[in-house]
1. For the chain, compute the number of Lys pairs whose alpha carbons are separated by less than 19 Å, excluding pairs fewer than 8 positions apart on the same chain.
2. Going by C-beta contacts inside 10 Å, put Arg46, Arg29 in order with the fewest on the left.
3. For each of Met12, Met26, count neighbouring Cβ atoms within 10 Å of the residue's Cβ, then give the residues from fewest to most.
4. Kindly write out, for the stretch 73-83 in residue order, the coupling ³J(HN,Hα) from the Karplus curve 6.51 cos²θ - 1.76 cosθ + 1.60 (θ = phi - 60°), rounded to whole Hz, with x marking Gly and Pro.
5. Name the most mobile residue of Ala40, Ala32, Ala17, meaning the one with the largest mean-square fluctuation, in a Gaussian network model of the chain with Cα contacts below 10 Å.
6. What number, rounded to the nearest 500 deg cm²/dmol, is the helix-based mean residue ellipticity at 222 nm of the chain, given -39500 (n - 2.57) per DSSP H run of at least four residues and division by all its residues?
7. Which label belongs to the value computed from this structure, given these candidates for Cα Rg over 2.2 N^0.38 Å: (i) 2.65; (ii) 1.02; (iii) 1.48?
8. When His48, His69 are ordered from fewest to most other Cβ atoms inside 10 Å of their Cβ, what list results?
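What follows draws every value from the coordinates through simple rules; no lab data is involved. As the structure is a prediction and not an experimental result, all values here were calculated from the model. Cβ coordinates were reconstructed from backbone atoms using ideal geometry, including for glycine residues, and neighbour counts include every protein chain displayed.
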Amino acid sequence: MPTAVIYICAAMLFVGAAPLPYGYYMLLRLVACGVFAFAAFVSFDRKHKTLPWVFGLVALLFNPIIKVHLPKEVWALVDVATAILLLATAKPVKSNA
């Protein structure tokens, strides 16, 4: 996974903690779900034990089809926590190029 994609998604998640229009959160769901699903695939392919499960659960949390309804304050915490998770685990999912 390209490094820029990881950092862009993390930045979007940090910004998502602020009160923004609903359209931004729909875009955030699409981007975060895609990035975390791909990170789950990459980490599974690289034989990590727990990262694919963590990334898969986060991808399900952000999926845009079956929405998880949480209070705004909880979503703000989830956004920040998942951004930190993405940055902390960026090394195992970065491309080798």
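1. Numbers: Lys47/Lys91; Lys47/Lys94; Lys49/Lys91; Lys49/Lys94.
Value for the chain: 4.
2. On the way: Arg46 12, Arg29 18.
Listing Arg46, Arg29 from fewest to most nearby Cβ atoms yields Arg46, Arg29.
3. Working: Met12 17, Met26 12.
Result, fewest neighbours first: Met26, Met12.
4. These are the phi-based 3J(HN,Hα) values: 5, 5, 4, 4, 5, 5, 4, 5, 5, 6, 5 Hz.
5. Residue with maximal mean-square fluctuation among Ala40, Ala32, Ala17: Ala17.
6. On the way: 5 runs with 69 residues, N = 97.
Rounded to the nearest 500, it is -23000 deg cm²/dmol.
7. (ii)
8. Numbers: His48 17, His69 6.
Fewest to most other Cβ atoms nearby, the residues stand as His69, His48.
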